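The values are calculated or read from the model by the stated rules, or taken from the named source; none is laboratory data. All of these numbers come straight from a predicted model, not from anything done at the bench. As a convention, Cβ positions derive from the backbone with ideal geometry for all residues, glycine included, and neighbour counts pool all protein chains shown. When the accessible area is computed, the model is the full protein with side chains, heavy atoms only, and any ligands, DNA or RNA have been set aside. Shrake-Rupley method; radii C 1.70, N 1.55, O 1.52, S 1.80 Å.
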Amino acid sequence: MPQFDLPLDELRAYHGHSTEPEDFDAFWQKTLQETREHELDVRFEPVVTGLSTIQVYDVTFRGFGGHPVRGWLRLPAGATEPLPVVVEFVGYGNGRGLAHEHLLWSSTGRAHFVMDTRGQGSAFGGGGATPDPVGSAPAYPGFMTRGIEEPETYYYRRVITDAVRAVEAARTHPLTDATRTVALGHSQGGGLSLAVGALVPDLVAVASDTPFLCDFPRAIKMTDRHPYREVGLYLKTHRGRSAEVLRTLSYFDGVHFAARGRVPALFSTALEDQTCPPSTVFAAFNTWAHEDKAIEVYDFNDHEGGGPHHEAAKLRWLSSYA
């Protein structure tokens with residue numbers, strides 16, 4: 001698909017169409033306060049993987065509602081001093097994978113914590129191990145419409161809360177340095193990293209690659225690709241409910257989290273990306289509140305974005321922060 005969105009000069013000035021709820025901050029303050037009434041209860045169990053340079057721990061912690069959430073912590077073998085920690089969130093449908101996967105960040109001498117995403121982990125990759133014990137009203141297959149009737153019941157309230165708790169869990173290990181914590185991810189993971197960058201006050205940096213969950217009013221009308229298309233198909237059946245749905249989604253929009261971005265950030269986008277259209281990414285980037293920010297633009301790529309080329313860019317960029 002050739003470039004289909006706004007011209008690049010217009011993208012660089014675009015801030016999105018999502019209306020921020022007046023009680024956005026209060027909603028998230030209450031959500032996190034209620035979650036923190038549950039003990040974090042982090043457990044790190046060493047895993048035998050056959051790897052000689054990386055030590056892996058199977059992690060369980062308590063996320064939203066006190067529900068158990070899984071993850072992996074990977075450390076350079078033989079580490080004895082606290083290390084900078086990269087907390088990674090994965091893409092839509094993916095899970096934490098297998099213990100021996102995703103070795104890039106721990107290979108750089110950093111600690112690497114990857115969060116499993118509740119209820120996902122069955123579309124590709126090595127799978128996941130975290131159920132979502134919360135039910136919902138009738139929803140289109142997928143996750144985008146689960147509990148979409150109200151912000152309090154929406155699926156991503158649980159996932160974003162899990163993501164905040166994942167940072168807290170990663171920081172409890174004695175070989176992670178809480179003062180040098182980075183959040184990053186691609187697609188859904190990129191959207192979650194924006195939320196964490198707003199809700200966790202003391203990260204050192206955020207890297208968000210072709211982020212999902214941004215500028216919902218434009219995204220759900222602009223692309224016919226899933227996952228955004230799930231919302232359109234839901235509204236195709238539930239006629240006349242667009243205003244209610246957009247109100248719910250506004251509490252989870254990366255653009256509003258970006259307005260509260262507290263740390264340096266590196267974004268990426270691809271101009272042929274129909275899954276997360278570049279205008280929706282630029283809406284979050286242009287709104288990101290911290291002045292130290294940059295975006296890499298890949299002219300002829302789809303949702304894969306910069307791929308390994310962007311990994312190299314992140315490695316160079318992150319060396320200044322952690």
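For this structure, a couple of remarks:
- The share of Cα pairs per 10 Å bin across the range 1-66, counted from zero up to the longest distance, runs 15, 19, 17, 21, 27, 1 percent.
- Taking the C-alpha atoms only, the angle from helix 278-287 to the longest principal axis of the chain is near 70 degrees.
- Local electrostatic count at residue 280 - Lys and Arg +1, Asp and Glu -1, tallied over other residues with Cβ under 10 Å: -3
- Per-selection Kirkwood Rh - the range 1-127 (Cα, Å, 1 d.p.): 17.6
- Computed on the range 159-312, with alpha-carbon pairs under 8 angstrom and 6+ residues apart, the relative contact order is 23 percent.
- Per residue, the convex hull around the alpha carbon atoms of the range 195-237 comes to 82 Å³.
- For the chain, the relative contact order comes to 18 percent (Cα pairs under 8 Å, sequence separation of at least 6).
- Taking the inverse of the mean reciprocal distance over all distinct Cα pairs, the Kirkwood hydrodynamic radius of the range 215-268 comes to 12.5 Å.
- Using bins of 5 Å that start at zero, the share of Cα-Cα pairs per bin across the range 255-322 amounts to 4, 17, 26, 22, 21, 10, 1, in whole %.
- Histogram of C-alpha separations across the range 121-277, 5 Å bin width, %: 2, 9, 17, 21, 20, 17, 10, 4, 2, 0, 0
- Estimated D of the range 73-192 in µm² per second, where Rh is the Kirkwood radius over Cα pairs and Stokes-Einstein applies at 20 °C, 1.002 mPa s: 142
- Once the Cα atoms are used to define both axes, helix 24-35 deviates from the longest principal axis of the chain by about 40 degrees.
- The order of the peptides 247-258, 51-62, 127-138 by mean Cβ neighbours within 10 Å, most packed first, is 247-258, 51-62, 127-138.
- Using only the C-alpha atoms, the convex hull of the chain corresponds to 122 Å³ per residue.
- Ranking of 311, 291, 230 by solvent-accessible surface, largest first: 291, 311, 230 (1.4 Å probe, protein heavy atoms only, all chains present).
- Over all other residues within a Cβ to Cβ distance under 14 Å of residue 319, the charged ones net out to +3, with Lys and Arg as +1 and Asp and Glu as -1.
- Average projection area in nm² (convex hull over Cα atoms of the range 122-169, one quarter of hull surface): 4.2
- Within the shell of other residues whose beta carbon sits under 15 angstrom from the beta carbon of residue 179, the net charge comes to 0, with Lys and Arg scored +1 and Asp and Glu -1.
- Hydrodynamic analysis of the range 168-218 uses the Kirkwood radius over alpha carbon pairs. Inserted into Stokes-Einstein at 20 °C and 1.002 mPa s, it gives a translational diffusion coefficient of 185 µm²/s.
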